[in-house]
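Peer 1: Dropping a structure here in structure tokens format, bear with me for questions.
The values are calculated or read from the model by the stated rules, or taken from the named source; none is laboratory data. What you see is a predicted model; the values in this text were computed from it and never measured. Side chains included, ligands, DNA and RNA excluded: accessible areas come from the protein's heavy atoms. Shrake-Rupley method; radii C 1.70, N 1.55, O 1.52, S 1.80 Å.
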Amino acid sequence: MADFKTIPLDHINVSFPVRHSTPSLEDLKASVKRNGIRTPLLVNPASMELISGYRRYRACVELRRGSVRVGFPNDVVDACTTLGDHVTAPADQLCAIPMSPRDRVNLAIRLNELSKPSDIPKRSFTRSVHTAPAVGMTPKSLRRVSRMIDASQEGQLDCDQDCQSARKTLAVMLSAIDVSPNSVDAERMIERIYAQFRRGQTPETISEFEQGSTGKCGSGQLEIDTPITKVATQRVRKRTFADFRMGIDQVSGGISGLVRFGLPEEIPPGSREYAVKEIKRGRQDLYVLLKQLQEM
């Protein structure tokens, strides 16, 4: 459980805020005057860096308040549980301005900087499983976008063509996050955009990607002229029965293992919701696959 304390505002490090901009604070300031800070800020206890609550922090500064109530999470799971649905809740419930996709990814990266729970073996713990649902994304989408951020930052001082292409693709992936929030559609779109980038193609807009125009050169795209990208393209285009059988075996084996060993004694609320959502999604996908097989 996070440790909640009231601390001076100037003790909080806000050098690198998660949000790129802070829209009007008038409604939030009025709420703070009436009710105070209802949702405590979230601060990294090791670095005193602000994780969540930059608008609330700015409102307190402008209202000339000397201190504010904050929560110090024990680890990344504790932080995600404490954050709850603050990011994904309707704006009218929190006097909040919805976070942009880039800001939500930044928040997930900031959450990932926290330590892992000491009572969970390192090999069986993945941060994105907890941080992605907290910011309204799927773990796979978050990992893909994070990798694209790393790729787009390589060689910042002298950004070459690959770096520029990564930045364009990143912009499309970020816009795809909210095409259908928390859905398979958005996840699959991000996955396919990432795969196209790995094959040397650079979609610049969602509409361009959906129309399948990324197979052409031009508009900032890279030619597929290396052996590695050609092999990758061939692998994507040629799915064999062996690939299909291996996938079926992995799915059935994984499901059997989960059922056999049952559920752990304790599951954090955020992880429980994620598990329910993923199981439902998997059930729908398997039903579609079963129907296709029966119709062959």
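Peer 1: Express the accessible area of the stretch 1-135 per residue in Å², computed with a 1.4 Å probe while the remaining protein chains stay in the model.
Peer 2: The answer is 52 Å² per residue.
Peer 1: Further question: Starting from the Cα gyration tensor of the stretch 21-170, take the square roots of the eigenvalues, sort them a ≥ b ≥ c, and report rounded, prolate or oblate (rounded when a/c is under 1.5, otherwise prolate if a/b is larger than b/c, else oblate).
Peer 2: oblate
Peer 1: Now, a different point. Working with all protein chains in place, sort HIS20, HIS11 by solvent-accessible area computed with a 1.4 Å probe, largest first.
Peer 2: Result, largest first: HIS20, HIS11.
Peer 1: Relative contact order, percent, of the stretch 1-141 when contacts are C-alpha pairs under 8 Å separated by at least 6 residues?
Peer 2: 28
Peer 1: Separate question: Just to be sure I follow the rule: in the stretch 1-150, considering lysines 8 or more places apart or on different chains, how many pairs have Cα atoms under 24 Å apart?
Peer 2: Close lysine pairs found across the stretch 1-150: 5.
Peer 1: Okay, next question. Using a 1.4 Å probe on the protein chains only, how many percent of the accessible area of the stretch 1-119 belongs to carbon and sulfur?
Peer 2: 48
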